[in-house]
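Data block below; observations after.
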Amino acid sequence: MKTYNDLAGDGGSNFVGQVTSQLEKLRTRLDKIKHKIALMSGKGGVGKSSLTANIAGCLADRGYKVGILDLDLNGPSIGKLLSVPNDVKLNVDNDGVHAGEGANGIKIMSMDMLLPTADTPVMWTHKSGETASWVSMLENTAIRELIADTYWGELDYLLLDMPPGSDRIDNIKELIPELAGVIEITIPSSISQHIVAKSITKNNTVGVPIIGLIENMGGYACPSCNAEHPLFSGQDVEELCRQKEVDYLGKIPFDPRISEKTGNGKLFYSEHKDSPAAKAIDVSADKILNFTKSNS
Amino acid sequence: MKFLCIPCDTQMETQTDGIMPSDSKNLALKFKCKKCGHSIAMLTNKFETEFVSKIGVEIGGGSEESKSPFNMVGNTLSQAKEILNKDQPAEKKELVWTDEAKERIQRVPFFVRNMAKKTVISYAQEHGATVIDAKLMDEVRDKVGM
């Protein structure tokens, strides 16, 4: 009697072929993007998305073609930060779903752009309890589709705004093996550092390169005199970097304007380049660029 | 998963029509031995059906793989922009789908929708129907276990 391996294909559905085709599509899409970088934080609320948007703005202002993929599927915020409203008309053609274009010409794809209204949550079914067991698999497939089916055109940098936590990085590593690396983000509080240390350990364990750690909200810059004052107590973040042997990419002082779009619909970075926070973003961007240049 | 006709020692082939999921998400998939013609049905439970639907592939998809971007997302989100769910029934010019029939076929899970369409179209053509309506879909269901 024939065995499994004696039978070619699976009799018609060609599941393996379909999955292979999905991966080829993904590959073709990713080949048009030079550098892919994930921005992660252990904890939520450390300003990761605002920082991602402003780092992207900084890179775009320097002439790079930049896109952001909002992988915080259940709490997408990049659209709002880049002034791409939820009701933006989707352009769908044979190339896929075209990325939106936000502030500073940054390309964006986010779950928010796929939902019918601004307050629609990401729900995989109306029936409660119907998909609870499947959410992780659904989200894995959703992430693959968001990467593979979005038409980005050619990009120098694609920044992946990861959800809080470090569980999705396994998924990203599998889909984007050439990922340039991860930027970890923490605030100075001891709790945030405690959690980001786990994220660093995990990335080291699974072999994801770490570009470095950014200390966000590292003090409050007075808008009147630019003098800095501490916001949180906690261990020195640079000390954590030394312990974990990762590069310190800089300290971004807290500025309440950083998560707000300006009256011109521009990013904080572009409108307030002389502010301490924008200057600090510049320093971090330099280090990110140096990393990608020396590792490509 | 592959199916072997033991007497013929031949791989059985997925039948690309005659498939319909029930409301309870149980699925009947038909396989046929091209050598002796023997048919079997693989009956899946709700969890097995769910598994296939979540990985973004289609049963019978070897020849009918969806080209729609965000296929799983658009078809699985409880609410998504309409443009993401633009699968429309049958492109055969001679067949007209009533709105009710269109709505019913759209309720079929996306990963077997193409095969479900084929089932209905093939039944309509065999019976000389030019309009696919709810009555005809009821007939198909009675015939193939929809």
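Search the range A:216-259 for residues being outside any loop (DSSP other than H, G, I, E, B) and polar (S, T, N, Q), and hand back the single one that is surrounded by the fewest Cβ atoms within 10 Å (Cβ to Cβ).
Quick first cut of the range A:216-259, residues outside any loop (DSSP other than H, G, I, E, B) only: A:216-221, A:228-229, A:237-244, A:248-254, A:256-259.
Retained after the next criterion (residues that are polar (S, T, N, Q)): A:216, A:243, A:259.
Values: A:ASN216: 26, A:GLN243: 11, A:SER259: 16.
Filtering first and then ranking leaves A:GLN243.
Name the pairs: first residue in the range A:1-16 and of a type in the set (D, E, K, R), second residue open to solvent by 40 Å² or more (accessible area, probe 1.4 Å) and part of a loop (DSSP other than H, G, I, E, B), Cβ to Cβ under 8 Å, at least 6 apart or on different chains?
Filtered contacts from the range A:1-16: A:LYS2/B:ASP9; A:ASP10/B:MET1; A:ASP10/B:LYS2.
In the range A:132-151, what count of residues is obtained for those that are over 14 Å from A:LYS25 (Cα atoms) and within 7 Å of chain B (Cβ to nearest Cβ)?
Residues meeting the conditions: 4.
I'd like to check which helices (runs of 4 or more DSSP H) are fully inside the range A:1-96 and have at least 2 residues that are within 10 Å of chain B (Cβ to nearest Cβ) and surrounded by fewer than 21 Cβ atoms within 10 Å (Cβ to Cβ).
In the range A:1-96, the matching helices (runs of 4 or more DSSP H) lie at A:15-30.
Under 30 Å from A:ASN14 (Cβ atoms) and either part of a helix (DSSP H, G or I) or open to solvent by 40 Å² or more (accessible area, probe 1.4 Å) (or both): is that true of B:VAL108 in this structure?
Answer is no for this residue.
So that you can scan it fast, the table gives a plain yes or no per residue for (1) in contact with a strand residue (DSSP E or B) (Cβ under 6 Å, 6 or more places away or on another chain); (2) free of Cβ contacts under 8 Å to residues at least 24 places away in the same chain:
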{"position": "A:ILE169", "(1), (2)": "no, no"}
{"position": "A:ALA180", "(1), (2)": "yes, no"}
{"position": "A:GLN193", "(1), (2)": "yes, no"}
{"position": "A:ALA197", "(1), (2)": "no, no"}
{"position": "A:THR201", "(1), (2)": "no, no"}
{"position": "A:GLU215", "(1), (2)": "yes, no"}
{"position": "A:GLY219", "(1), (2)": "yes, no"}
{"position": "A:ASN226", "(1), (2)": "no, no"}
{"position": "A:HIS229", "(1), (2)": "yes, yes"}
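Looking at the range A:232-288, which of its residues are touching a residue at least 40 places away in the same chain (Cβ under 8 Å) and at positive phi?
Residues satisfying the conditions are A:GLY234, A:GLY265.
Tell me, yes or no, whether the range B:44-57 has at least one residue that is modelled with pLDDT of 75 or more and in a helix (DSSP H, G or I).
No, because not a single residue in the range B:44-57 is modelled with pLDDT of 75 or more and in a helix (DSSP H, G or I).
How many of the residues making up the range B:111-120 are more than 16 Å from B:LYS54 (Cβ to Cβ) and either of a type outside the set (Lys, Arg) or not in a helix (DSSP H, G or I) (or both)? Spell out how you get there, then give the answer.
Looking only at the range B:111-120, we keep the residues that are more than 16 Å from B:LYS54 (Cβ to Cβ), and these are B:114-120.
Those left that are additionally either of a type outside the set (Lys, Arg) or not in a helix (DSSP H, G or I) (or both): B:114-116, B:119-120.
Counting residues in the range B:111-120 that are more than 16 Å from B:LYS54 (Cβ to Cβ) and either of a type outside the set (Lys, Arg) or not in a helix (DSSP H, G or I) (or both) gives 5.
Considering only the range A:267-284, how many residues are under 19 Å from the mean Cα position of the chain (by Cα) and open to solvent by less than 30 Å² (accessible area, probe 1.4 Å)?
5
Read through the list (1) within 19 Å of A:LYS273 (Cα to Cα); (2) in contact with a helix residue (DSSP H, G or I) (Cβ under 7 Å, 6 or more places away or on another chain), then give the number of the only condition that A:VAL46 fails.
Only one criterion in (1) within 19 Å of A:LYS273 (Cα to Cα); (2) in contact with a helix residue (DSSP H, G or I) (Cβ under 7 Å, 6 or more places away or on another chain) is unmet by A:VAL46, namely (1).
Taking A:LEU175 as the residue in question, decide whether it is open to solvent by less than 50 Å² (accessible area, probe 1.4 Å) and touching a Phe, Trp or Tyr at 6+ places or on another chain (Cβ under 9 Å).
No.
The values are calculated or read from the model by the stated rules, or taken from the named source; none is laboratory data. These figures come from a predicted structure and were not determined experimentally. As a convention, Cβ positions derive from the backbone with ideal geometry for all residues, glycine included, and neighbour counts pool all protein chains shown. For accessibility, only protein heavy atoms count, side chains too; no ligands or nucleic acids. Shrake-Rupley method; radii C 1.70, N 1.55, O 1.52, S 1.80 Å.
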